[in-house]
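> Can you read through this structure? Questions will come right after.
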Amino acid sequence: MDGQLGTRAVTRRADRVGPLWILALTLGVVAVFASWFGPLQILLPVQTDRIGGPGGREALLGLVVGTGAAVALVANPVWGLVSDRCRARLGTRMPVVYAGTAIGVAGQLLLLTSDSGPATVAGWVLVQLGFNGPFAVLAALMADRVPEQQRGVVGSLFGVGQIVGVISGVAVAESVGGGTTGYLVLAVLTPALLSAIVVAGRAAPVVSPRSAGADIDPRPRIALADFRPTREYCWAWALRFLMNLTNAILLIYLFFFLDAVVGVPDPGNAVLMITVVTLVLSAVCAATAGTFSDRLHRRREFAAAGALITAGGLTGLAASTTMPAVLVAAAVLGVGWGLFIAVDMAIITGSLATSGTAGTLLGMANIATSLPQVVAPAIAVPLVTSAAGYPALYGAGAGIAVAAALCTLRLRGVR
């Protein structure tokens, strides 16, 4: 059994998760993020450029991404709630992984054959609707299984999985020249990688409160008050939202920025290069900072430093007109993002009142990841189509990162 609703997580040292379980969790995150960001950074821009042409590609991409993200806003907490109920009644959250993966793969196959705006929107909606299911489960499993003394390390690897997923998705997309065959490759790889957490979950079930000796009612119960977010949760949510908004501003229109402002001959290859530089540095920083975060019992300082460094990187990008300058800014952004994701999951999971509603509340927290994909086009389109252009867009992103840093001051319950 995964545990019972309405009880606090058991965090004894005996409950420490092993390396194979952590690897399986990380591979699941890689799968989901590859399926999202391969399309977001290359496949969808190329597809919307082909369908909408130079005069309509930005608007069509904004419509596709924004609609999909709007669906994700609802899908993630709903999947989280369903996973909480599956956990209570069946002892596992895995049915959500099965159903969500099937829907997401259906969307990838629709995008594979899409040659119109409506079909592209429909395909991306299915991808977002579907893969938010396994993502909600992966986040909830961290709250179910990982004790406080491991949350820095495991949370940082959760972030590293996102980074590797982005790189992998972009690499897949670029390897097929930005063509729709990339969707077929992802449709095969995503279920294969997600199967690791299913196997690991069966091999090492969660220690339930009953097996830990807790005195609980045999019938799982939940109170409405268990869904009430704490003050720390609200500020952690705001921090995550603002940081992901800066990331969305950077990534969604990077392809067009490199084409229109920097003037690189192959924007797709340049996106891959920048992505690798940024995210390799992020992965190294996240893994290192996560370990130090556990040892120092500190989270807030790492998040604040990451936000401020991200602001510096976006300021540099706003002033960049050559590829070397873009790469320097990308390196700075990589360090900043790595410091933030090293502690993001630890901050969020540490703000939960109970483990029984972890799926639902972490699903709500994942809205802070999806909502920026709706907000970013609304900010970006007016700016990039005005005389101010891309420098104004990235300057606005820098200001948002500073606001994220200020949120850490309100996390008074977080060390």
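Where a number appears in this text, it was derived from the coordinates with a stated rule and is not lab data. A quick note: this is a predicted structure, and the numbers were derived from the prediction, not measured. Cβ coordinates were reconstructed from backbone atoms using ideal geometry, including for glycine residues, and neighbour counts include every protein chain displayed.
> So for each of 240-253, 315-328 I average, over its residues, the number of other beta carbons within 10 Å; can you give me the resulting order with the highest mean first?
Packing order, densest peptide first, comes out as 240-253, 315-328.
> Can I ask one more? Any idea what log10 I(q)/I(0) is at q = 0.09, 0.11, 0.12, 0.13 Å⁻¹ for the chain, Debye with uniform C-alpha scatterers and no solvent?
Reported log10 I(q)/I(0), two decimals: -0.50, -0.75, -0.89, -1.05.
> Once label points are set 7 Å from the Cα along Cα→Cβ at both residue 386 and residue 113, what is their separation, rounded to one decimal in nm?
4.3 nm
> Is the shape of the range 69-173 best called rounded, prolate or oblate, per the rule: a/c under 1.5 gives rounded, else a/b larger than b/c gives prolate, else oblate, with a ≥ b ≥ c the square roots of the Cα gyration tensor eigenvalues?
oblate
> Residue 368: net charge of surrounding residues, Cβ under 10 Å, Lys/Arg +1, Asp/Glu -1, itself excluded?
Result for the local shell: 0.
> For the chain, what is the mean residue ellipticity at 222 nm derived from helices alone (per DSSP H run of n ≥ 4: -39500 (n - 2.57); sum divided by total residues; nearest 500 deg cm²/dmol)?
It comes out at -26000 deg cm²/dmol, rounded to the nearest 500.
> Where q = 0.20 Å⁻¹, what log10 of I(q)/I(0) comes from the Debye formula for the range 127-204, counting one point per Cα?
Log10 I(q)/I(0), no solvent term: -1.03.
> According to the Kirkwood expression over distinct Cα-Cα pairs, how big is the hydrodynamic radius of the range 340-406, in Å?
That comes to 14.1 Å for the range 340-406.
> Which residue, 119, 289, 24, tops the fluctuation ranking in a GNM of the chain built on C-alpha contacts under 10 Å?
119
> Something else: Neighbouring Cβ atoms within 10 Å as the yardstick, rank 257, 292, 302 fewest first.
Taking fewest neighbouring Cβ atoms as first place, the list is 292, 257, 302.
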